[in-house]
1. Could you list, in sequence order, the residues of the range 151-207 that are under 19 Å from the mean Cα position of the chain (by Cα) and aromatic (Phe, Trp, Tyr)?
2. Within the range 208-227, track down each residue that is at pLDDT below 95 and hydrophobic (A, V, I, L, M, F, W, C).
3. Quickly run through the range 40-60 and pick out the residues that are surrounded by fewer than 16 Cβ atoms within 10 Å (Cβ to Cβ) and more than 17 Å from Val211 (Cα to Cα).
4. For the range 176-210, name all the residues that are over 17 Å from Asn36 (Cβ atoms) and surrounded by fewer than 24 Cβ atoms within 10 Å (Cβ to Cβ).
5. Just one of the numbered conditions (1) buried (at least 21 other Cβ atoms within 10 Å of the Cβ); (2) modelled with pLDDT under 95 is not true of Val129; which one?
6. For the range 74-92, which positions are hydrophobic (A, V, I, L, M, F, W, C) and surrounded by fewer than 19 Cβ atoms within 10 Å (Cβ to Cβ)?
7. Which is in contact with a Ser or Thr (Cβ under 6 Å, 6 or more places away or on another chain) and at pLDDT 95 or above, of Leu52, Leu84, Leu45, Leu57?
8. Out of all the residues in the range 81-95, which are without any contact (Cβ under 8 Å) to a residue 60 or more places away in the chain and over 20 Å from Leu182 (Cβ atoms)?
Amino acid sequence: MEGARTAVADRAVVIDVRVSETRAALRRWAHAPASNVLSWVAGSLIIGALLLAGALLVASLSLPGTDPYTPVFADPTAGIADALRIFARNSLVLALHSLVCVAVYLATRPAPPRASRLQERAGPLALSVIAGLTIYSLASQTWHLGHDLASAAHTLGYSNAGLLVRLGLHAIPELTALFLPLGACVSLIRRDRVDDLAAAGLLCFALALPVVATCACIETFVTRFVL
């Protein structure tokens, strides 16, 4: 019984330490929010630009579909329901990217004392799985966006690059917001600040969600006027 109580107490201490790390990071960033977040924004902007470049490459190598394809941003009948659908889809993507920060944080926690060999290997294995799933997600988004771009450009009578430039009105801020957690993750890992990753995931989700909502409205009601 004594050993069981000790194990429970140790586990409580570990959880308290993790919550304390998250709170400490959020308090520290509150004193200078811009200086901390700007590097994350720069990283997410680069990731978004690379995804758009990949989508343009996929579009240039793709054959447009035979059926006309009119996306939401070119549909004059699009309304609130379409904006809500875009917001819901992108919110899910943002949540998944935010969970990457939390998952990497958990995977990099030190193994407990007297850990088994399996427990010691769990962290590196988890990091490999997280990296693989993230790469797959980005590749899948690039693939689908590229094919949608080719079909939309063919239907609307634009070149792939010409349409992509016009879509920048909502696509650039939207992708920057969606990839903000990944930008934060890369930045914090490079600075050896993995203890701050859980806090970064929460903060990025809170900061990016209003931008995602705004971009959904722009895509639905405003982008059509630059086509």
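The values are calculated or read from the model by the stated rules, or taken from the named source; none is laboratory data. These numbers were taken from a predicted model, which means no experiment stands behind them. Glycine also receives a Cβ, built like all others from the backbone with ideal geometry; neighbour counts cover every protein chain displayed.
1. Phe179, Phe205
2. Phe225, Val226, Leu227
3. Result: Ile46, Ala49, Leu50, Ala53, Leu57, Ser60.
4. Leu209, Pro210
5. (1)
6. Filtering the range 74-92 for residues hydrophobic (A, V, I, L, M, F, W, C) gives 74, 78, 80-81, 83-84, 86-88, 92.
Those that are hydrophobic (A, V, I, L, M, F, W, C) and surrounded by fewer than 19 Cβ atoms within 10 Å (Cβ to Cβ): Ala74, Ile80, Ala81, Leu84, Ala88, Leu92.
7. Leu45
8. Selection gives Ala81, Arg85, Ala88.
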